[in-house]
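Reading through the structure tokens given below for one structure.
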Amino acid sequence: QVHLVESGGGLVQAGGSLRLSCATSGGVFSRAAMGWYRQAPGKQRELVATVTSGLSTTYADSVKGRFTISRDNARSTVTLQMNSLKPEDTAVYLCKYRSLGYETWGQGTQVTVSS
């Protein structure tokens with residue numbers, strides 16, 4: 001069983017930056033596709049960014065050029081660097097692990113961007 005723990009959320013002013021981390025345990029991290037998603041109140045969960053085991057990345061159009069996803073296989077950690085934050089980025093950010101048909105989610109970390 002894989003366990004994910006997100007950290008790094010908080011309150012920031014518009015234009016500021018935050019760095020989210022997702023630490024994993026219990027799986028073969030290097031083989032997993034990792035992703036960050038977010039869910040705002042009253043809205044559906046949406047993909048923010050993903051990184052495959054081969055280091056290919058994808059981003060939602062709304063965050064391209066502002067957010068960067070990266071992974072550290074030695075530390076079994078995936079990070080999301082978020083710059084130029086906007087109030088519309090406010091949401092709970094969740095980490096997802098997927099490998100060989102198995103997937104699991106972290107509990108999420110709150111990001112609030114004030115205008």
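The values are calculated or read from the model by the stated rules, or taken from the named source; none is laboratory data. All values derive from a computational prediction rather than experimental measurement. Reconstructed Cβ throughout: ideal geometry from the backbone, glycine too, with neighbour counts over all protein chains shown. Accessible surface is based on the protein model in full, side chains and every heavy atom, while ligands, DNA and RNA are left aside. Shrake-Rupley method; radii C 1.70, N 1.55, O 1.52, S 1.80 Å.
So which residues in region 23-36 are assigned to a loop (DSSP other than H, G, I, E, B) and of a type in the set (A, V, I, L, M), if there are any at all?
Here is the first cut: in region 23-36, the residues assigned to a loop (DSSP other than H, G, I, E, B) are 26-28, 32.
Passing the criteria: V28, A32.
Anything in region 91-113 that is open to solvent by less than 40 Å² (accessible area, probe 1.4 Å) and either closer than 19 Å to Q13 by Cβ or in a loop (DSSP other than H, G, I, E, B) (or both)? List them, or say none. First the steps, then the outcome.
First, the residues of region 91-113 that are open to solvent by less than 40 Å² (accessible area, probe 1.4 Å): 91, 93-97, 99, 104, 106, 108-109, 111, 113.
Scanning region 91-113 gives A91, Y93, G106, G108, T109, V111, V113.
Are there strands (runs of 3 or more DSSP E) fully within region 37-88 with at least 1 residues that are among the β-branched types (V, I, T) and either more than 11 Å from the chain's Cα centre (by Cα) or surrounded by fewer than 15 Cβ atoms within 10 Å (Cβ to Cβ) (or both)? List them. Explain how you work it out, then say what you get.
On the way: elements: 46-51, 57-59, 67-72, 77-82.
Hits in region 37-88: 57-59.
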